[in-house]
Amino acid sequence: MMTLQFIGNVHADEPVGRELLILLANWICNNHMKDPLVRLIAENMHLHIFPSMNPDGYALKRLGNENNTVLNRDFPYQVTSCNFGFLTSFFMKTKLNLKIVLHK
């Protein structure tokens, strides 16, 4: 099964990506039972949608996070099975838990 990962709002003062990913998640949730394309996507892909990679910076309305770190300077160039754990550790540190459940 194909996996797609969408990450928005790395630069917290650039919220357009965050808003688009929230719209994407809402579109999938609202249409998965009535739109064949959405059903095809939802049932045949693993989607990882992270609307805000920098939620504390977004709340503070600045480029960096709470520690004033600009996240794209610490972002891996390529996500592989070896460095994918940085996302897990990030969400565990921020205690952010997002879960979208689609019911048939």
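The values are calculated or read from the model by the stated rules, or taken from the named source; none is laboratory data. All of these numbers come straight from a predicted model, not from anything done at the bench. Cβ: placed from backbone, ideal geometry, glycine included. Neighbour counts: every protein chain shown.
A few comments on the model shown:
- Counted residues, the stretch 13-59 - those being of a type in the set (A, V, I, L, M, F, W, C) and in contact with a Pro (Cβ under 8 Å, 6 or more places away or on another chain): 3
- Reported count of residues in the stretch 13-53, each being over 23 Å from residue 1 (Cα atoms) and in contact with a Phe, Trp or Tyr (Cβ under 9 Å, 6 or more places away or on another chain), is 7.
- Take the conditions (1) part of a helix (DSSP H, G or I); (2) under 13 Å from the mean Cα position of the chain (by Cα); residue 49 misses just one of them, which is (1).
- Matching residues, the stretch 32-59, being more than 21 Å from residue 18 (Cβ to Cβ) and of a type in the set (Gly, Ala, Ser): 42
- Selection status of residue 62, modelled with pLDDT of 85 or more, in a helix (DSSP H, G or I), surrounded by 14 or more Cβ atoms within 10 Å (Cβ to Cβ) and of a type in the set (Lys, Arg): no
- Restricting the stretch 38-59 to residues that are out of contact with any helix residue (DSSP H, G or I) (no Cβ under 8 Å at 6 or more places or on another chain) and either over 27 Å from residue 26 (Cα atoms) or aliphatic (A, V, I, L, M) (or both) leaves a set whose member that is modelled with the highest pLDDT is 59.
- Residue selected from the stretch 2-33 under the condition small (Gly, Ala, Ser) and not in a helix (DSSP H, G or I), by the criterion nearest to residue 58 (Cα to Cα): 12
- Top-ranked residue of the stretch 1-50 - restricted to ones that are without any contact (Cβ under 8 Å) to a residue 60 or more places away in the chain and of a type in the set (Val, Ile, Thr), ranked as surrounded by the most Cβ atoms within 10 Å (Cβ to Cβ): 7
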